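One structure below.
The values are calculated or read from the model by the stated rules, or taken from the named source; none is laboratory data. Being a predicted model, the structure only gives us computed values, none of them experimental. Neighbour counts are summed over all protein chains in view; Cβ atoms, including those assigned to glycine, are modelled from backbone coordinates with ideal geometry.
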Amino acid sequence: MAERVAVVTGAARGIGAAVVRRLAGHGWRVVAVDRCADDPRVPYPLGTAEQLAELAAGHPGAVLDVAADVQDPRALRDAVALAEQRFGGLDAAVAAAALMAGGRPFWEADESEWAASFSVGVDGTAHLARAAVPALLRRPEPRTGRFVALASAAAHTGLWRLTSYNAAKHAVLGLVRGLATDLRGTGICATAVSPGSTRTEMLRATAEIYGLSDVDAFAEHQLIERILEPDEVAAVVEFLCSPASSAITGTAVHADGGFTA
């Protein structure tokens, strides 16, 4: 089978980095994209250029690290073009970039909380779809292209003092459902993955919002009674990127440890 090619955003750390490692470890060629800069709208540090470069260095020849902001449509078009130029095409796009903003009742929150949640999590996903889907369609039939977006358990329930994040993740799920419908009959599937509490920097930021000193406190909300590891979610994303996931489109896969059961 020919090598498959993916673009993954939010790739410097967390679930995005775990997805890159899984794909590259199983023969994929990956363009790994991250902003590699902090965002003044959130109070925690984001992934760095050093983290992204280290990820690529762990898979020489298989992973290209690209510093690009998902809020910039042109930057994502360039990333997709790079995948086609260097690796010969595109078979999957994974939208993993997102920000966690919250901590106050919605009516008291600064407008930047909403803007941060939507400009990165929703607009960034839409920008990737607009850039990647034409490349997925350029593959010859029968196609097996995949668009996978990271939603959240927050796309299916309400979370205290995280209304903007809730709304953004619901929007990601709606985007995926509409995209899948538009892709009807093309052979390309669009799916969301909704993780539960996963051991990432974003979860640490959430713990600070809730005044918790240990992210493992979130384990009580999951039937597995522990926090998920990024690789567990990445395993689900990897499957959804594969031709074997052909029966799944226009929906969300709950990789949430039973959070929303």
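Summed over region 45-55, residues that are surrounded by fewer than 20 Cβ atoms within 10 Å (Cβ to Cβ) and either within 22 Å of R130 (Cβ to Cβ) or not aliphatic (A, V, I, L, M) (or both) total 5.
Matching residues to (1) in contact (Cβ under 8 Å) with a residue 40 or more places away in the chain; (2) touching a Cys at 6+ places or on another chain (Cβ under 7 Å); (3) surrounded by fewer than 24 Cβ atoms within 10 Å (Cβ to Cβ):
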{"position": "V5", "(1), (2), (3)": "yes, no, yes"}
{"position": "G16", "(1), (2), (3)": "yes, no, no"}
{"position": "V19", "(1), (2), (3)": "yes, no, no"}
{"position": "A32", "(1), (2), (3)": "no, no, no"}
{"position": "R41", "(1), (2), (3)": "yes, no, yes"}
{"position": "A57", "(1), (2), (3)": "no, no, yes"}
{"position": "G61", "(1), (2), (3)": "no, no, yes"}
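Residues that are touching a residue at least 24 places away in the same chain (Cβ under 8 Å), surrounded by 22 or more Cβ atoms within 10 Å (Cβ to Cβ) and assigned to a helix (DSSP H, G or I): does region 81-100 have at least one? Scanning region 81-100 turns up at least one residue that is touching a residue at least 24 places away in the same chain (Cβ under 8 Å), surrounded by 22 or more Cβ atoms within 10 Å (Cβ to Cβ) and assigned to a helix (DSSP H, G or I). Evaluating D216 against the criteria (1) within 17 Å of the chain's Cα centre (by Cα); (2) surrounded by fewer than 17 Cβ atoms within 10 Å (Cβ to Cβ) leaves one unmet condition, (1). None of S117, S112 is in contact with a Phe, Trp or Tyr (Cβ under 7 Å, 6 or more places away or on another chain), of a type outside the set (D, E) and part of a helix (DSSP H, G or I) except S117. Checking Q51, Q71 one by one, the residue that is at pLDDT 95 or above, of a type in the set (S, T, N, Q) and more than 20 Å from F118 (Cα to Cα) is Q51 and no other.
Screening the candidates A168, A132 for the property of being closer than 19 Å to V233 by Cβ and either touching a residue at least 24 places away in the same chain (Cβ under 8 Å) or assigned to a loop (DSSP other than H, G, I, E, B) (or both) yields one hit, A168.
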